[in-house]
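As structure tokens, the structure follows; a few thoughts come after it.
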Amino acid sequence: MKELVIIGGGASGMAAAIRASEEENTRVTLLERQARAGRKLAATGNGRCNLTNLGAEVHHYHGEDPGFANAALTEYPPERVLAFFRGLGLRTVTEYGGRVYPLSDHAGSVLDVLRLGLEKRNVSLLTAAPVTGIRREPTRFRIETPEGALTADSVILACGGCAGSRLGGVMDGYALAASLGHSRTALYPALTQLRTAPEYPRALKGIRVDARLRLKQGERILAETAGDVLFTDTGLSGTAVFEASRAAAGKNDLTAELCFFREAEEQLFADLTERRRRWQALEANRILTGAAQSRLGQMLCRYAGISGGAVAGEITDEQLHALASAMRAFCLPVTGVSGFETAQVTAGGLRTEEFDPETLRSRLVPGLYACGELLDVDGDCGGYNLQWAWASGLLAGELR
Ligand SMILES: Cc1cc2nc3c(=O)[nH]c(=O)nc-3n(C[C@H](O)[C@H](O)[C@H](O)COP(=O)(O)OP(=O)(O)OC[C@H]3O[C@@H](n4cnc5c(N)ncnc54)[C@H](O)[C@@H]3O)c2cc1C
């Protein structure tokens, strides 16, 4: 009987454990430092868990060698991952942009089927079992926990990254890998919020709009995204913001330019002129009534220099031009990106050149494997990170 210890009971570790336990001569122990396995998973996708994306191809992934992810994604494409979940009993639904969610609309369902899968396959899951050290002895590994040591023929490191620290993201995996001679790249938060000067976002706190976002450094466009933008008391959140946040890491002199209306500026100006004609006596800062949510409409007026004290008939052409321009290019100075606490994923990780992409086996330590976010692979927003966690976990679990 071969003994396998998997360190980390998150998405990739649970997938690896279920796959590995299919081999009759392998005994699998899954060690999780938190009180429950899959705590982060339960919080994914705003509690809905966007578990994969049907378009998950390698160009959606980043890292020093983004091509590293290709072998695992080819071996376990989204369709095969979904077949794995169907086999565990999960029913799913595909939404806009190829995003896949559990039919129950509840992340807990994904966790439930994984837990059931572990139970049925007799994986020994030890929770509240943080691994504090690991040593490669001549023929086996020695894995230290506060409750005592375990030994194993093979070890899979599935400790995740340090993003989402409120949900248990920690540096442990990097430290354990380093103790065995592995190295890592620089780490930075990705898929995270942008901090901006607080004046306007604070007034709009809680408003969610569909917008196009350009992240600019001076006149240079660093990223251009579209989708959900949510105003918070510290800045901007939402899918479009998460996608742009990678380009903001470590940079300064940044501006977030938001386009709320897709029509050409002349067309917007013509529409505003007609509104001014029809609503002469209306309070000036309500001129966008019915075109934008009222707080957003009023804020755009303020941004364009139109005060609430005047009436619409008094708005000058110059002010209407400024408003039409703000509707297409509302600019907020970016003061930074939020940290690992709120980031969804860690960019950077264990150096992929030290692992074989076809097997995820370490090139340095015989019998050692790694998977998931711990490696220097991170994906776009939209189910790509969990797809990587499943694909790499399942591949590592084959113990090739
Ligand atoms: C709020 C939030 C929402 C997200 N939503 C989505 C989404 O909808 N779709 C998507 O694709 N991605 C999403 N992600 C990203 C996704 O959750 C992660 O990329 C994915 O969980 C990574 O899987 P993993 O197995 O590598 O790490 P994790 O799932 O983080 O699991 C690692 C596990 O290892 C354990 N561990 C760490 N150190 C030790 C140790 N020393 N001993 C024992 N155990 C240890 C941790 O406690 C943890 O349970 C989201 C992330 C966050 C934070």
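The values are calculated or read from the model by the stated rules, or taken from the named source; none is laboratory data. On a predicted model such as this, the values are computed, not experimentally measured, just so you know. Counting neighbours? That spans all protein chains shown, and the Cβs are built from the backbone with ideal geometry, glycine included. The protein model used for the area step is the full one, side chains on, heavy atoms only, and it has no ligands, DNA or RNA in it. Shrake-Rupley method; radii C 1.70, N 1.55, O 1.52, S 1.80 Å.
For segment 276-290, does any single residue satisfy the condition of being without any contact (Cβ under 8 Å) to a residue 12 or more places away in the chain, farther than 23 Å from residue 338 by Cβ and hydroxyl-bearing (Ser, Thr, Tyr)? The answer is yes, given that some residue of segment 276-290 is without any contact (Cβ under 8 Å) to a residue 12 or more places away in the chain, farther than 23 Å from residue 338 by Cβ and hydroxyl-bearing (Ser, Thr, Tyr).
Residues in segment 123-136 that are open to solvent by less than 40 Å² (accessible area, probe 1.4 Å) and in a loop (DSSP other than H, G, I, E, B): 123, 129, 130, 131.
For every residue, the table says whether it meets (1) under 15 Å from the mean Cα position of the chain (by Cα); (2) at pLDDT 95 or above; (3) on the phi < 0 side of the Ramachandran plot.
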| site | (1), (2), (3) |
| --- | --- |
| 157 | no, yes, yes |
| 164 | yes, no, no |
| 169 | yes, no, yes |
| 173 | no, yes, yes |
| 182 | no, yes, yes |
| 202 | no, no, yes |
| 205 | no, no, yes |
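For segment 378-400, filtering for residues that are hydrophobic (A, V, I, L, M, F, W, C), at pLDDT 95 or above and in contact with an Asp or Glu (Cβ under 9 Å, 6 or more places away or on another chain) leaves 6. When segment 233-263 is limited to residues that are among the polar types (S, T, N, Q) and open to solvent by 20 Å² or more (accessible area, probe 1.4 Å), the one that is farthest from residue 214 (Cα to Cα) turns out to be 234. Scanning segment 1-37 for residues that are farther than 18 Å from residue 110 by Cβ, more than 9 Å from the ligand (Cβ to nearest atom) and open to solvent by 30 Å² or more (accessible area, probe 1.4 Å) yields 1, 2, 3, 22, 23, 24, 25, 27, 35. The residues in segment 163-202 that are surrounded by 15 or more Cβ atoms within 10 Å (Cβ to Cβ), closer than 21 Å to residue 254 by Cα and more than 9 Å from the ligand (Cβ to nearest atom) can be counted, and the count is 12. When 370, 326, 343 are checked against the criterion of being within 12 Å of the ligand (Cβ to nearest atom), within 24 Å of residue 257 (Cα to Cα) and among the aliphatic types (A, V, I, L, M), a single residue qualifies: 343.
Number of residues in segment 203-226 that are small (Gly, Ala, Ser) and crowded, with 20+ Cβ neighbours inside 10 Å: the value is 1.
Is one or more of the residues making up segment 137-147 within 12 Å of the ligand (Cβ to nearest atom), open to solvent by 50 Å² or more (accessible area, probe 1.4 Å), touching a residue at least 24 places away in the same chain (Cβ under 8 Å) and outside any strand (DSSP E or B)? Within segment 137-147, none of the residues are within 12 Å of the ligand (Cβ to nearest atom), open to solvent by 50 Å² or more (accessible area, probe 1.4 Å), touching a residue at least 24 places away in the same chain (Cβ under 8 Å) and outside any strand (DSSP E or B).
Based on what the data block shows, is residue 269 in contact (Cβ under 8 Å) with a residue 12 or more places away in the chain and in contact with a His (Cβ under 7 Å, 6 or more places away or on another chain)? The answer is yes for residue 269. Scanning segment 75-93 for residues that are touching a strand residue (DSSP E or B) at 6+ places or on another chain (Cβ under 8 Å) and surrounded by 15 or more Cβ atoms within 10 Å (Cβ to Cβ) gives 78, 81, 82, 85, 90, 92. Where helices (runs of 4 or more DSSP H) sit wholly within segment 38-122, those with at least 2 residues that are within 10 Å of the ligand (Cβ to nearest atom) and either out of contact with any Ser or Thr (no Cβ under 6 Å at 6 or more places or on another chain) or free of Cβ contacts under 8 Å to residues at least 40 places away in the same chain (or both) occupy 39-43.
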